[in-house]
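The values are calculated or read from the model by the stated rules, or taken from the named source; none is laboratory data. Because the structure is predicted, anything quoted here is derived from the model rather than measured. Positions of Cβ are generated from backbone atoms using ideal geometry, with glycine treated the same way; all protein chains shown enter the neighbour counts. All accessible areas refer to the heavy atoms of the entire protein, side chains included, with ligands and DNA or RNA removed. Shrake-Rupley method; radii C 1.70, N 1.55, O 1.52, S 1.80 Å.
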Amino acid sequence: MTTPKILVYFLIMLLTVYPVSAAQVALNRWVLNVTLHDDGAVEEVIQAEFDNSGSSPLEGFSFTSPVPGVEIEDNQSTGVTVSSEGGMDFNSPNVKQQTVSGKTNIIVTFDKPVETGKKWNGRIGFKSEKWAVKQDSNYSIDIPVNSPQAVSSGKNADVSVPADADIRAQVFLPESVEVTSVTPAPFRILFQNDRMVPTWSPDKLHIGDIISIKSSYSSVLNKITGTDIRWRELKARINEAEKKGIDVSEAKTHLNNADDYNTKQALQSYWKKDYTAALESNAHANDELNLAENSLSGTVKKNPQITGTQPADTSKTPGFGALAAALILTLAFLVIRRR
């Protein structure tokens with residue numbers, strides 16, 4: 001066999017083993033949404049977007065979870081194929097797992113291969129009870145931000161990650177649990193749905209990073225959280241009363257005051273670790289909620305324009321008065337005639 005023929009044969013073998021199209025798949029989005037529950041269980045939903053600019057259809061992708069035996073959540077796994085014109089076709093992912101060396105290889109196969117020039121946009125959800133470490137009221141978790149691999153022509157291959165790729169993460173901690181240490185530094189720590197949420201933007205998070213979080217229960221945060229839950233419950237009651245035409249203006253004033261004390265003053269003092277000021281503001285918030293509840297309980301006034309009812313007419317009916325006057329006049333006339 002001549003040298004040129006040997007080179008051609010060698011190139012054919014390389015293309016068979018390493019399909020060139022797979023290397024031309026770009027990872028446009030890789031967003032991690034992690035929820036850590038009170039009992040230490042972890043749920044993760046990954047939002048992803050792959051751009052297939054190669055010459056072969058993209059059949060799916062795979063990635064690795066750091067713990068064995070995860071549970072795939074089918075209701076959190078869905079996706080669409082997007083054309084260059086913006087058209088979308090539902091393209092469901094089939095998700096399987098393989099345990100390898102104490103980790104889980106999660107393999108995603110599309111219902112229909114994504115043709116060249118198109119994108120797949122979707123999400124994959126799973127949960128694990130063996131990921132986070134819980135000791136008493138302390139939690140710790142390490143979350144790798146590893147790149148997935150494309151599956152094309154039945155084989156795995158690396159994907160490219162553009163400089164402007166959307167690489168983000170959010171970790172929802174259990175209620176009343178605060179961050180004690182975290183790396184890499186998040187963009188900010190939010191307070192959402194009564195949970196502390198370390199949040200990373202693309203400039204703070206990169207493929208290859210490992211998010212490491214240590215957290216523990218906070219009695220101060222627990223009071224702020226409890227008041228916030230109570231505030232939302234009372235707000236719902238006030239809204240229902242208002243729909244029925246009840247005058248709740250005083251209750252709403254106290255409700256707004258409570259929100260200002262708790263989610264503004266108390267929470268801001270908590271961020272600054274001024275726990276004395278945080279507890280004082282939180283106490284004022286609860287006082288305002290008490291006043292709002294008292295006002296709501298004692299309010300019976302209704303707005304007739306809302307309910308369609310009209311105030312009762314308190315004037316007397318004239319019929320009975322006229323009858324009595326006529327009877328008196330008749331009796332007087334009879335007495336005069338007898339005299």
| task | Write down, largest first, the equivalent ellipsoid semi-axes of region 155-245 in whole Å, where each equals the square root of 5 times an eigenvalue of the alpha-carbon gyration tensor. | result | 37, 19, 10
| Distance from region 239-271 to region 42-83 (C-alpha centre basis), Å | 42
| query | How many nm separate the modelled label positions at Val100 and Glu233, each set 7 Å beyond the Cα in the direction of the Cβ? | reply | 4.9
| How much length, in nm to one decimal, is gained on full extension between Lys204 and Val67, taken as 0.36 nm per residue of separation minus their Cα-Cα distance? | 46.8 nm
| task | Calculate the dipole size of region 252-291 relative to its Cα centre from +1 charges on Lys and Arg beta carbons and -1 charges on Asp and Glu beta carbons; express the result in debye to the nearest 20. | result | 160
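Can you tell me the length gained on complete extension of the stretch Thr109 to Ala283, counting 0.36 nm per residue apart and subtracting the Cα distance?
That works out to 57.2 nm of additional length.
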| request: Would you tally the net charge around Pro57, using a Cβ to Cβ cut-off of less than 15 Å, leaving Pro57 out, and scoring K and R as +1, D and E as -1? | output: -1
| note | Note: Ala241 to Val161 extended length (0.36 nm per residue) minus current alpha-carbon separation gives 23.5 nm
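Over region 87-129, what percent of the accessible surface lies on carbon and sulfur atoms, probe 1.4 Å?
Carbon plus sulfur share of accessible area: 45 percent.
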| If you take all C-alpha pairs in region 72-170, what percent of them are over 23 Å apart? | 38
| request: Would you mind checking the pairs Lys118/Lys155; Lys223/Lys243; Lys127/Lys264; Lys103/Lys134 and listing those with alpha carbons more than 24 angstrom apart? | output: Lys223/Lys243; Lys127/Lys264
| note | Projected convex hull area of region 56-117, Cα atoms, direction-averaged, in nm², equals 4.8
